[in-house]
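Below is a structure I'd like to ask you about.
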């Protein structure tokens with residue numbers, strides 16, 4: 001099917017007609033709508049999970065203060081899903097046509113993203129109730145699922161690298177090859193954090209877990225644009 | 001209403017004006033948005049159903065490992081809904097106008113798709129707790145609902161076969177007549193699996209239950225394109 | 001604001017420019033997306049409410065059969081929300097611009113539609129457990145909320161009657177004035193059913209409750225198109 | 001990145017080409033879809049929270065009447081989220097391009113909006129069960145989260161003030177500078193209400209809490225249009 005589509009696009013370019021006549025604005029409209037649905041439900045359900053404390057009369061404040069780790073986990077998860085959405089948007093605004101490989105890579109990404117709240121909850125529970133072995137297990141699971149999510153990004157970037165005819169017109173063809181570096185960094189660092197947390201200390205892995213979404217958020221428009229923008233700010 | 005619409009389209013083609021002036025990009029925009037909503041909620045709620053195990057300190061790993069059938073059921077359901085969405089997208093990217101029959105067939109499809117997690121849960125419970133009669137019942141229910149879903153696909157394909165004026169321009173009119181074969185295969189095989197599971201052995205039905213979504217996933221772009229693409233790969 | 005917008009549209013028509021330059025495909029895109037979100041969540045949550053029966057080994061079938069009123073309530077609610085969505089789509093495919101009144105009428109419609117599962121559940125519970133006074137109360141509440149929903153439709157149709165400049169080009173201006181009849185029929189019949197159920201017998205009200213969504217489903221494309229289509233079928 | 005984009009837009013305007021060739025209808029399509037998802041789930045889950053009362057035979061009416069504060073809280077929350085959505089729609093119909101700052105301000109807005117049901121529930125519980133200290137705490141929390149939401153609006157309006165090249169063509173550049181006044185009013189009045197409720201009386205804060213969404217609803221199309229429209233109505 002790949003050669004098929006590539007030929008269609010090339011033939012259409014020569015004859016100056018749209019390559020897939022049944023494609024409306026873009027082939028990715030429904031992929032984007034479906035993904036937005038999954039991301040928006042995931043992020044809204046995080047809010048629902050904030051516990052409304054049972055309390056005796058006059059003790060609401062104590063109870064609210066006591067469940068602060070709950071708020072931290074909520075904020076971290078909200079930012080994480082927000083960062084994933086920002087990256088997803090940045091990628092698919094550059095894609096015009098979809099093939100099956102891209103759809104499957106995207107479903108794999110949705111699967112791993114929607115799973116993130118599961119190890120997050122296990123981790124925050126294990127850290128609060130303090131059994132070291134449980135914390136090791138939760139850290140390893142968190143690293144595993146986050147690492148799988150980076151593999152999903154990697155496969156998206158790789159498909160868009162080797163099939164440049166799927167991109168919108170006017171997109172720099174070196175954009176997605178460079179993006180693969182960001183995904184490799186994620187795969188490597190989550191694996192490292194998982195090993196570190198298992199062997200040495202869960203808390204040291206946490207630092208990497210909290211830092212990586214910040215990195216992916218800052219670079220969500222791609223490595224190139226981010227570097228340019230930093231250079232420009234550095235200048236007077 | 002059908003003749004009405006057909007006449008409108010033919011008259012408009014002669015006069016070179018859009019047949020339904022109040023239709024924007026495509027008449028199916030809202031059908032697609034509504035269906036994407038239902039599919040994305042269904043697929044995200046699957047993730048929510050993964051149980052966060054209650055465990056004594058130090059026993060998180062044991063508990064997580066013990067609930068492995070849970071993960072298998074989750075993965076199978078996620079892939080199933082993903083495959084349904086892929087097929088839905090492939091069909092409606094080829095449709096430009098909707099009439100009431102198409103809307104009703106689509107609502108029927110949404111009804112049966114959204115029900116799938118119900119017999120899946122009954123089936124995985126019955127298989128784990130091992131009563132043979134319950135497993136027979138669950139297998140029969142699963143076959144019934146999946147078979148009804150294939151009937152919904154069949155009615156969609158049939159409507160698009162007999163009303164080709166609903167399609168986008170440039171779509172091969174033999175596409176949907178051939179697609180009906182895929183739906184008939186589903187109706188037949190789910191009925192067979194249900195009978196097999198009821199009379200002989202629930203486990204033999206399971207093999208068909210797991211194989212059919214794979215078949216529908218592989219052929220989601222239609223029988224014709226799939227055959228072409230396989231032929232092409234076979235060549236050197 | 002109303003005169004403001006009317007003037008803009010008239011001025012723009014004379015000068016042959018788009019009346020609201022910042023409006024993209026249609027002003028109703030987000031109203032439709034938001035409403036589709038609410039409808040698709042409402043309809044999917046209906047499925048989630050189907051109870052997975054607790055059962056002793058070997059008694060799954062008995063339990064499944066025993067909860068048949070559950071399935072009837074689910075099917076009725078699913079069809080009802082589906083019919084509401086079909087009507088909503090048919091209306092807003094004819095609307096190009098939105099003003100605040102239309103937005104508020106639509107929010108009122110979403111409020112009443114999303115509430116429908118609440119009296120439905122009360123009604124099915126009261127009918128199964130058979131206390132006549134509870135059934136009267138549930139029937140009256142169901143009639144009240146459904147009647148309010150018809151008032152919301154009425155206000156939508158009325159706004160589109162008195163502000164024809166909000167419609168897409170090519171829409172018959174007598175379409176929405178006639179649609180008001182359908183909404184008045186709903187207001188009247190739900191009030192009648194509520195009174196009948198309270199004074200005489202809840203079951204007689206049920207007949208009206210089940211018949212009205214069928215009527216609104218059959219006429220979802222508007223009274224005019226439905227009559228034409230019936231006439232045409234009647235002819236040889 | 002900001003200068004980058006500004007230059008692109010200016011260069012493109014001179015050369016009469018679209019400034020960002022990969023942008024389809026508008027850069028905000030996915031921001032709007034994602035936000036609509038979050039808002040529609042938040043508003044639909046409010047309905048789910050209405051309690052179906054457990055009741056002895058014959059006491060449904062008593063139970064339904066007894067939980068009236070529940071309905072008031074539901075209606076207030078529904079209107080509040082509806083007003084937020086109306087304002088969001090009015091803003092983003094005027095925006096054509098998005099940069100990272102706008103995305104982050106929007107995520108901050110979604111975070112605070114989705115949180116509103118949490119302090120609302122605490123407040124309605126505290127007021128019903130009447131401990132004055134709990135009511136003070138709940139009022140302060142409600143004021144804090146609503147105040148943060150107004151800060152999110154303020155940052156949105158500020159970004160669109162200092163980066164006018166993000167707007168759709170034909171939008172009055174003085175629109176968003178004036179909108180900032182609405183957001184400042186919200187920040188100020190929620191702070192005042194929080195202080196009042198903490199020091200003096202929770203009920204006096206409630207009046208402000210209920211009045212402010214009405215104010216934001218009435219002015220959702222912007223201060224300018226609202227004033228014009230009021231002036232016009234005042235005239236004969």
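We did not get these values from a lab; they are worked out from the coordinates using the rules stated. These numbers were taken from a predicted model, which means no experiment stands behind them. With ideal geometry, Cβ positions are generated from the backbone for all residues, glycine too; neighbour counts draw on all protein chains shown.
Just need the Rg to Rh number for the stretch D:85-236, please, alpha carbons only, Kirkwood Rh. Display every interim value, and only then the final one.
On the way: Rg = 17.3 Å, Rh = 16.6 Å.
Across the stretch D:85-236, the Cα-based Rg/Rh ratio is 1.04.
Let me know the mean shielding of B:109-117 by other chains, meaning the per-residue number of their Cβ atoms within 10 Å of its Cβ.
4
What ranking do A:36, B:27 get, fewest neighbouring Cβ atoms within 10 angstrom at the top?
Ascending Cβ contact count within 10 Å gives the list B:27, A:36.
Taking a point 7 angstrom from the Cα of residue D:192 along the C-beta vector, which residues in the stretch D:109-140 have backbone N less than 18 Å away?
D:140
Cα centroids of the stretch D:160-175 and the stretch C:180-204: how far apart, whole angstrom?
Measuring centre to centre over Cα atoms gives 51 Å.
Please arrange C:167, A:166 by how many other C-beta atoms lie within 10 Å of their C-beta, fewest to most.
Going from least to most buried by this count: C:167, A:166.
Using a 7 Å offset from Cα along the direction of the beta-carbon, what are the separations from residue C:170 to the same position in each other copy, nm, ascending?
2.0, 2.1, 2.9
Cα centroids of the stretch B:127-142 and the stretch B:27-101: how far apart, whole angstrom?
About 23 Å separates the Cα centre of the stretch B:127-142 from the one of the stretch B:27-101.
Where the label is 7 Å out from Cα toward Cβ, how close does residue D:184 come to the same position in every other copy, in nm, shortest first?
5.2, 5.2, 7.3
Is there a simple number for the mean count of other chain Cβ atoms within 10 Å of the Cβ of residues in A:122-129, and what is it?
2
Can you give the average number of partner chain beta-carbon atoms within 10 Å of each beta-carbon in peptide B:161-172, as a whole number? Present the calculation step by step, with values, prior to reporting the outcome.
On the way: counts 0, 0, 0, 0, 0, 0, 1, 5, 2, 6, 2, 0.
Per-residue shielding by partner chains comes out at 1.
List the distances, in nm and shortest first, from the label point of residue C:210 to the matching label points in every other copy, placing each point 7 Å from Cα along the Cα-to-Cβ direction.
4.2, 4.2, 6.0
Evaluate the distance, in nm, between pseudo-label points positioned 7 Å from the Cα of residue C:185 and of residue C:204 along their respective Cα→Cβ axes.
2.2 nm
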